[in-house]
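Structure, as structure tokens:
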Amino acid sequence: MKFRAKMIDLGCLNHFTRVVNTIAKLTKSCVLRLTPDNLYFVLSVAPGVQRFCVSVNFFDEYQMEGLSPEANEICLEVAPENISRALKTAQNAKAVKVKLTKKHCPCLTLSAELPSLSSISRVVTHDIPVEVIPRRLWHEFKEPTVPDFDVSIYLPPLKTMKNVVDRMKNLSNILVLEANLGGEMNLKIETDLVSVTTHFKDLGNPPWGDSASQSRSQSWDPEAMAHARVDVRKLQQFLIGQQINPSKAMCNIVHNRIVHLILLQEDMSLQYFIPAVA
């Protein structure tokens, strides 16, 4: 197995650093999945329940050889905090190289070429320990298959949404998220003592087109609300992703089954799958 990549563009480096910093705040350990076309961070928030995925492609050069031509990918377990610390020394780097190496243990070796006033270049190198995940476990880190959704809607400003959710958490551990095909979304708390609803209007609905995967959405009554009861804490975890300054934020709802949240920013997508609770 081989992996080697290089970043030269400072904007890509800064963006990649923000992504890693966000992940480091969410988990102490994650899986780094390398394929010929993309690099994925996969966070198993609760095994078999939901998964938080980030895919990025910020590299000017990217080469990898997987386990075999038939299984052409690499899965590594890594502490994102270690990558975050290494990247702190590379903020003004002329170039950053990342490669998979074998030293005292398997490592991701990150080398940052720093600016210098002399003709002698300065290179800072970090060896980040990783654990190679065997092929028999790879299926656990594939993006889950999402059923055809009933409603897809753009999210309101994430900062506003986060403020609302943070306040609602003080009232209940369960929140009802509902939306329709008319651009309306509600966040609701319902308990024996109190009922609170925040309404958002004119959000718009993504133009997914006529693909077969949207057959349920096309048959859904535009005025009807698709809803799901979700754990407030899991929704809060997703909203931390606002730090990446997404260009678009969307929500797909499978009625009473799952909420699929998506943040898009250039060559990166961040997804969070929250199952409905009874």
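The values are calculated or read from the model by the stated rules, or taken from the named source; none is laboratory data. Model, not experiment: these values are computed from the prediction. Neighbour counts are summed over all protein chains in view; Cβ atoms, including those assigned to glycine, are modelled from backbone coordinates with ideal geometry. Side chains are part of the model used for accessible areas, which takes the heavy atoms of the whole protein and leaves out ligands, DNA and RNA. Shrake-Rupley method; radii C 1.70, N 1.55, O 1.52, S 1.80 Å.
Just checking, which of Leu39, Leu26 is modelled with pLDDT under 90, within 13 Å of the chain's Cα centre (by Cα) and surrounded by fewer than 20 Cβ atoms within 10 Å (Cβ to Cβ)?
Of the residues listed, the single one that is modelled with pLDDT under 90, within 13 Å of the chain's Cα centre (by Cα) and surrounded by fewer than 20 Cβ atoms within 10 Å (Cβ to Cβ) is Leu26.
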**Study point:** Wholly enclosed strands (runs of 3 or more DSSP E) of the range 190-258 bearing at least 1 residues modelled with pLDDT under 90, over 19 Å from Val165 (Cα atoms) and open to solvent by 90 Å² or more (accessible area, probe 1.4 Å)
**Key:** 248-254
Exercise for review: Enumerate the strands (runs of 3 or more DSSP E) found wholly within the range 74-129, keeping only those where 1 or more residues are among the acidic types (Asp, Glu), at pLDDT below 95 and surrounded by 15 or more Cβ atoms within 10 Å (Cβ to Cβ).
Suggested key: 106-114
Review point. Of the residues that sit in the range 259-278 and are assigned to a strand (DSSP E or B) and more than 19 Å from Val176 (Cβ to Cβ), which one is modelled with the highest pLDDT?
Key: Ile262
Revision key, fill the gap. For the range 130-151, the count of residues that are modelled with pLDDT under 90, in contact with a strand residue (DSSP E or B) (Cβ under 7 Å, 6 or more places away or on another chain) and open to solvent by 50 Å² or more (accessible area, probe 1.4 Å) equals 2
Revision key, fill the gap. Exception for Tyr154 within (1) touching a residue at least 40 places away in the same chain (Cβ under 8 Å); (2) under 18 Å from the mean Cα position of the chain (by Cα); (3) surrounded by fewer than 15 Cβ atoms within 10 Å (Cβ to Cβ) falls at (3)
